[in-house]
Structures are given as structure tokens and as C-alpha cells.
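Report on the structure given below.
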Amino acid sequence: MAGLFTNLLEGSPSWQWATRKLAWLGCYLLLAFLAAISLAGNARAKQSKKASAKPNIVLVQVDDAVRSDIAHMPNVSRLIQGGGATLTNYNSPYPLCGPARASLLTGQLAHNNQMMGNFEDTDGGHFVFRSLPGDLNQRNSLGRWMQDAGYATALVGKYLNEYGAVDQYEVPPGWDRWVALLDNSTYDYFNYGFNVDGRIKFRGDQNYAKQHIRLATKGYENPPRSFAQLLAYFRTVYRPWDYFGTQVYRNYSGNVTGSFAVKFVKRRARHRKPFFLYYAPPEPHAEDTNHVQGIREGAPGPDPRPPHRYKEAFDDVPLPRTPSFNEADVSDKASNVRDLPLLTEEEIGTIQDNYRGRLGALRSIDNQVGRIADALKKRGEFKNTYFVFMSDNGYLQGEHRLSASKFMPFENSVRIPAMVTGPGIEAGREVTRPTMDVDMTATLLKMAGAKPGRTLDGISLLPALKGKKGLPQRDIPLEALRPLFTYSTPLTAYDLPYYGVKTSRYKYVNWSFGDKELYDLKEDPDELENLAGDPARAELMAELERKAAALRTCVGSQCR
């Protein structure tokens with residue numbers, strides 16, 4: 001015994017070995033104990049979050065997509081459309097990006113939120129939204145309402161027209177994370193600036209991106225009053241005239257904005273607080289700063305240019321040619337379309353090339369949808385997230401002889417893709433009753449348990465999406481309250497104000513210059529025959545005029 005005690009004191013090799021073993025065993029047991037506590041804590045946290053937290057919401061709003069485009073977006077088709085519900089008759093009452101996005105942000109039609117057009121000189125755009133009085137101001141809009149409901153909020157991509165034209169450092173209220181493209185660089189997919197939480201960053205050729213922004217600044221500070229003045233602005237800003245910046249594919253805006261969106265989801269998914277991501281990439285909008293109005297020949301390639309990996313991916317996809325494509329007889333149309341010439345083979349070839357560029361641009365956004373979904377799945381949050389995909393308006397690609405247009409009241413411009421997946425929404429469901437963009441605002445608020453600060457013009461679609469309650473058979477207002485520009489341009493001379501109504505069967509349009517149109521959408525879904533001049537339809541015309549006139553001034557429940 002004494003010998004053993006002596007060996008312990010002297011540190012015999014056998015005792016040192018035993019001591020080390022005991023030390024390692026103790027450390028192992030301690031680490032195992034701590035790990036068990038950590039795992040138990042994480043499990044309790046996950047259970048607590050699952051049981052008590054509100055759902056996350058991811059809203060993806062692209063620019064100018066049409067319903068047929070979805071077939072070329074595998075992630076959107078599989079994850080959202082196939083995994084959730086499709087709104088098959090979803091409409092943009094004012095099919096133009098500025099008013100449509102303002103309606104989403106406010107839940108109100110243009111005649112109520114006072115966002116009448118795209119730019120300040122047409123009573124729209126960011127600066128009008130910022131300066132409207134009282135409850136009409138941007139302070140009282142979707143981001144703030146989501147914050148008040150306990151959500152971490154982010155806007156990534158495109159905000160309203162003219163954002164960044166003057167005050168590039170501004171971050172509008174309501175957004176915890178702000179990554180917004182600066183006009184007009186928004187519409188160059190390789191050379192652009194953006195505001196990241198008040199800090200300005202650039203991708204591509206910074207000097208060329210600044211030329212885009214300078215054009216927006218000039219247009220805002222001294223709006224052009226003629227096409228000639230717009231041309232003069234272009235000549236002043238773009239030097240050299242035939243330079244179009246760099247074309248480095250790692251800078252492609254869809255990929256860059258997508259990375260910001262994914263990082264936000266990854267970071268917020270670790271927190272108990274739910275999040276609302278409004279991801280608004282500008283794709284597949286035309287790259288207007290390079291091609292607008294045919295002022296310049298444009299950067300080489302289609303408009304828009306796709307990312308490199310999809311440069312040739314859609315070379316074999318034919319342009320959709322509905323019966324209204326290059327319509328043979330437009331003599332019955334309103335005078336702004338009646339005088340359009342037939343599209344030439346060269347013009348059709350350009351539309352075809354641009355269509356394939358649009359599909360490539362959309363596929364880049366489809367990839368971002370897949371990345372966001374993967375991030376949610378890896379963090380166990382996908383099933384607790386409402387995922388919405390939609391466009392702001394549609395697009396005309398040769399229909400009724402219109403080579404590249406929205407704004408117009410034809411179906412491919414007004415009726416747009418929209419689909420939702422998330423908790424309680426059965427896969428493969430279709431909601432066929434008429435819906436519109438202000439309904440999506442009410443739906444998002446219902447998902448979040450949030451309260452609006454305005455009287456909403458739409459209704460929540462969530463019960464219908466879940467199959468719990470049907471929707472009313474209602475009329476959809478049509479309203480384009482200002483011309484696209486205050487002057488005539490070669491490609492937009494037909495974009496003039498109108499109002500109207502779309503019922504379960506008919507579409508009625510009353511143009512600002514006095515012409516009227518009536519289409520039987522059941523018998524003539526391609527809107528080939530304008531029935532407005534048929535004496536036998538006089539009573540129907542009068543009834544539809546009354547409906548349209550009432551919707552022009554509707555408020556709240558009157559619009560539903």
C-alpha cells in the first residue's frame with residue numbers, strides 16, 4: 001500500500017497512463033452530456049417554433065411573364081404549381097409594372113392608392129409613392145404591416161420605377177433587409193447599381209451603370225416632353241454611343257439578386273421570428289436601357305439577354321402563335337390598334353429571338369426559386385413556408401400585331417400566372433374563379449395574421465387555396481389611368497388610357513379617345529372579333545358600361 005502511494009506521488013508510468021485514460025473518459029462524458037443537452041434544447045426550440053411560430057412567406061414576383069412561360073420553369077412547375085394551387089384566372093387590372101406593384105404593396109386599385117402610372121410626370125413611380133399624404137404614403141404599406149405582425153422583412157430586386165434616380169441611399173420604411181436595383185440600371189442584366197441597406201454597390205462596368213442612372217435622373221428632374229427630347233437625353237448620357245458595358249456572366253442580375261435572397265432565408269430560418277421575403281427580380285423584362293424605343297440598335301443578342309448557361313437552351317422552342325398572333329384583320333379594333341401594319345418576317349424573327357432570351361432569363365430566376373426552396377428544406381422550414389410565384393403583368397409578343405407590349409387590355413397582358421404552395425394547400429388544386437392582384441395582398445396579410453393600414457380592395461384567397469371556401473363569381477375592373485408616356489413614341493403610341501370590366505363571359509373596354517371594344521371570352525377567347533358595333537349588343541354594352549363606371553370609383557367591398 002505504501003509502495004502504491006509512493007508510485008502515485010512519484011508519478012509512475014502506470015499511474016500516468018491511468019490518469020490520462022480517466023481524463024479522456026471524463027472529457028468524453030462531459031462532451032456527450034453537453035451535446036445531449038444541446039440536442040434536447042434544439043429539439044425543444046424546433047418543437048416550440050413549430051407549435052407557436054407563424055409561417056414564413058416567400059413572395060416571388062417576376063416582371064412581364066406570361067402563363068405559357070411556366071412550362072419552361074421546372075422548379076416553379078414542380079415545387080409551387082405542382083405542389084400547391086394555381087390561380088387560373090388571376091388578373092392585373094392595370095397591366096403595367098408601376099401601378100401593378102403599387103397595388104400589391106397597398107392592396108388597393110390604382111384609383112384608390114393614387115399611383116396612376118410609372119413615372120412622376122404620369123402621377124406614379126417611387127417619388128409619388130414617397131410623397132403622397134397621410135395613409136397613402138409608402139410608410140403605410142405591405143412591409144410595415146408585416147413588421148407590425150412580427151415578421152422580419154426583406155425586399156430584394158426591383159422596387160418602383162424611378163427608385164434611385166435621385167436619392168440612391170434611401171431605404172423605404174418597412175424593410176429590415178433592403179437590396180434594391182437603381183433605375184434605370186435595373187434593366188441592364190450585366191451592368192447595374194443597387195442599394196444594400198443604404199450602401200451602394202455595382203456589378204459590371206460601374207461607369208456604364210452610372211450612365212443608366214444618370215438617364216433616370218435627367219428624366220426625373222426634367223421629364224422629356226417629346227420623343228426628340230428623350231433621344232437628346234440618350235445622346236447626352238451614352239458616350240460612346242455604341243458601347244454597352246461588360247457582359248460577365250457571374251454578374252447576371254438574376255443570379256446576384258437570387259444569392260441575396262437565399263442568404264436572407266438561410267440567416268432568418270435559424271431564428272424563431274418568422275420572415276417575409278419579397279423577391280422581385282426584373283427578369284424577363286426587356287433590357288430597356290440598351291434597346292428602348294429603338295433609339296439604339298442595342299447590345300448584341302436577344303432582348304433580354306439570357307445568362308450564358310441558357311444562351312442556346314431554348315433555340316428549338318417555337319414562339320407561341322395563338323390565333324391572335326399577327327392578327328389578319330384588325331379593322332374592328334380601336335383606332336390605336338386598327339392602323340398597325342402586319343408584322344414582317346424580320347419583325348417576327350426578332351420577336352422569336354427575344355422570346356427565347358426571355359425564357360433563358362426566366363430560367364435563371366427558376367434556379368433561384370430552387371435555391372430558396374433548398375435552403376428552406378435544409379433548415380426544416382419549407383413545410384412552414386407559404387411560397388408564392390406571380391408576375392406583375394403579362395406581355396404581348398405579336399398578338400394583335402403588337403410586337404412587344406403590356407398595358408393593353410388584351411388577355412395575354414391582363415391575365416397572368418399566379419400560384420401558391422404552403423401549409424394546408426393541397427397539391428394540384430386549381431382556383432378557377434376570377435381573382436386579381438389586390439387579392440394577393442389580402443392573402444399575404446391573412447397568412448401572416450397581419451392588419452392593413454388601409455381599406456383593402458381585394459379579398460383573401462387563402463380559404464379557396466386550402467379548399468375550405470369558394471370564391472364569388474365577380475367582375476374584374478380594368479383601369480389604365482394615364483398614358484404610358486406623356487408624349488408619343490414609335491413603340492408606345494397605342495398605350496393610351498382606358499377603363500372597363502371583365503365579367504365571367506365578356507370584356508368591355510372604353511378608351512379615352514372614345515372607341516369601345518366588346519369581346520365574348522367564352523366564344524372568342526383570343527379576342528378576334530370586337531362586338532361593340534353590333535346593334536344587337538346595345539343593351540349588353542349599356543349594362544357593362546354601368547358596371548365599369550361603378551368599378552371606376554369603387555372602394556373596399558364595392559370592388560370585391
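I'm trying to understand the selection: among the residues of region 336-370, which are in contact with an Asp or Glu (Cβ under 8 Å, 6 or more places away or on another chain) and in a loop (DSSP other than H, G, I, E, B)? Within region 336-370, none qualify. Residues in region 529-560 that are among the polar types (S, T, N, Q) and part of a loop (DSSP other than H, G, I, E, B) were compared, and the one that is surrounded by the most Cβ atoms within 10 Å (Cβ to Cβ) is Asn530. Pairs are defined by a Cβ separation below 9 Å, a sequence spacing of at least 6 or placement on different chains, a first member in region 451-470 that is of a type in the set (Ser, Thr, Tyr), and a second member that is assigned to a loop (DSSP other than H, G, I, E, B) and open to solvent by 50 Å² or more (accessible area, probe 1.4 Å); the pairs so defined are Thr455/Val555. Taken over region 118-158, residues that are free of Cβ contacts under 8 Å to residues at least 60 places away in the same chain, charged (D, E, K, R) and crowded, with 17+ Cβ neighbours inside 10 Å amount to 1.
Just wondering, is there one or more residues in region 159-180 that are closer than 23 Å to Ala418 by Cα and surrounded by fewer than 24 Cβ atoms within 10 Å (Cβ to Cβ)? No, every residue in region 159-180 fails to be closer than 23 Å to Ala418 by Cα and surrounded by fewer than 24 Cβ atoms within 10 Å (Cβ to Cβ). Evaluate the following for Arg20: is it farther than 30 Å from Ala313 by Cα, out of contact with any strand residue (DSSP E or B) (no Cβ under 6 Å at 6 or more places or on another chain) and either modelled with pLDDT of 95 or more or surrounded by 10 or more Cβ atoms within 10 Å (Cβ to Cβ) (or both)? Against the criterion (farther than 30 Å from Ala313 by Cα, out of contact with any strand residue (DSSP E or B) (no Cβ under 6 Å at 6 or more places or on another chain) and either modelled with pLDDT of 95 or more or surrounded by 10 or more Cβ atoms within 10 Å (Cβ to Cβ) (or both)), Arg20 qualifies. Cβ-Cβ distances below 9 Å connect the following pairs, each with a first residue in region 534-560 that is under 15 Å from Thr455 (Cβ atoms), a second residue that is charged (D, E, K, R) and open to solvent by 60 Å² or more (accessible area, probe 1.4 Å), and a separation of six or more residues or different chains: Cys554/Arg560. All of Glu381, Glu346 fail the test of being touching a residue at least 12 places away in the same chain (Cβ under 8 Å), acidic (Asp, Glu) and open to solvent by 10 Å² or more (accessible area, probe 1.4 Å), apart from Glu381. Taken over region 371-399, the criterion of being in a loop (DSSP other than H, G, I, E, B), under 19 Å from Leu87 (Cβ atoms) and either among the polar types (S, T, N, Q) or touching a Gly at 6+ places or on another chain (Cβ under 6 Å) (or both) is satisfied by Asn393 alone. Look at (1) in contact with a His (Cβ under 8 Å, 6 or more places away or on another chain); (2) open to solvent by 20 Å² or more (accessible area, probe 1.4 Å) and you find that Arg78 fails only one, number (1).
Looking at Ala427, Ala418, Ala361, just one residue is open to solvent by 10 Å² or more (accessible area, probe 1.4 Å) and small (Gly, Ala, Ser), and that residue is Ala427. Which is of a type in the set (Gly, Ala, Ser), modelled with pLDDT of 95 or more and touching a Gly at 6+ places or on another chain (Cβ under 8 Å), of Ala464, Ala536, Ala532, Ala549? Every option except Ala464 fails the conditions. Taken together, the residues in region 488-502 that are assigned to a loop (DSSP other than H, G, I, E, B), of a type in the set (Ser, Thr, Tyr) and either surrounded by 17 or more Cβ atoms within 10 Å (Cβ to Cβ) or touching a Gly at 6+ places or on another chain (Cβ under 7 Å) (or both) amount to 3. Within region 102-142, being over 15 Å from the mean Cα position of the chain (by Cα), among the small types (Gly, Ala, Ser) and either modelled with pLDDT under 95 or in a helix (DSSP H, G or I) (or both) holds for Ala110, Ser131, Gly134. If you go through region 407-440 and keep only what is closer than 22 Å to Asn118 by Cα and either modelled with pLDDT under 95 or among the acidic types (Asp, Glu) (or both), you end up with Glu411, Asp437, Asp439. Which residues, taken from region 386-405, are under 18 Å from the mean Cα position of the chain (by Cα) and at pLDDT 95 or above? If the condition is that a residue be under 18 Å from the mean Cα position of the chain (by Cα) and at pLDDT 95 or above, then Tyr386, Phe387, Val388, Phe389, Met390, Ser391, Asp392, Asn393, Gly394, Tyr395, Leu396 are the ones that fit. Looking across region 512-528, the residues that are in contact (Cβ under 8 Å) with a residue 60 or more places away in the chain, of a type outside the set (Phe, Trp, Tyr) and open to solvent by 10 Å² or more (accessible area, probe 1.4 Å) come down to Asp515, Lys516, Leu521, Pro525, Asp526, Leu528. Leu456 falls short on exactly one of the conditions (1) in a loop (DSSP other than H, G, I, E, B); (2) of a type outside the set (Phe, Trp, Tyr); (3) open to solvent by 30 Å² or more (accessible area, probe 1.4 Å); (4) closer than 26 Å to Ile80 by Cβ, and that condition is (3). Considering region 245-264, the residues that are over 30 Å from Lys378 (Cβ atoms) and open to solvent by 30 Å² or more (accessible area, probe 1.4 Å) include one that is nearest to the chain's Cα centre (by Cα), namely Gln247.
Screening region 197-232 for residues that are of a type in the set (A, V, I, L, M, F, W, C) and without any contact (Cβ under 8 Å) to a residue 24 or more places away in the chain and picking the one that is surrounded by the most Cβ atoms within 10 Å (Cβ to Cβ) gives Phe202. Across region 287-336, the qualifying residues are those that are within 24 Å of Glu523 (Cβ to Cβ) and touching a Lys or Arg at 6+ places or on another chain (Cβ under 7 Å), and the one among them that is most open to solvent (accessible area, probe 1.4 Å) is Ser331. Of the listed requirements (1) crowded, with 24+ Cβ neighbours inside 10 Å; (2) part of a helix (DSSP H, G or I), Leu402 misses just one: (2).
The values are calculated or read from the model by the stated rules, or taken from the named source; none is laboratory data. Quick caveat: nothing in here was measured; it's all calculated off a predicted structure. All Cβ positions, even for glycine, are placed from backbone atoms using ideal geometry, and neighbour counts span all protein chains on display. Accessible surface areas use protein heavy atoms only, side chains included; no ligands, DNA or RNA. Shrake-Rupley method; radii C 1.70, N 1.55, O 1.52, S 1.80 Å.
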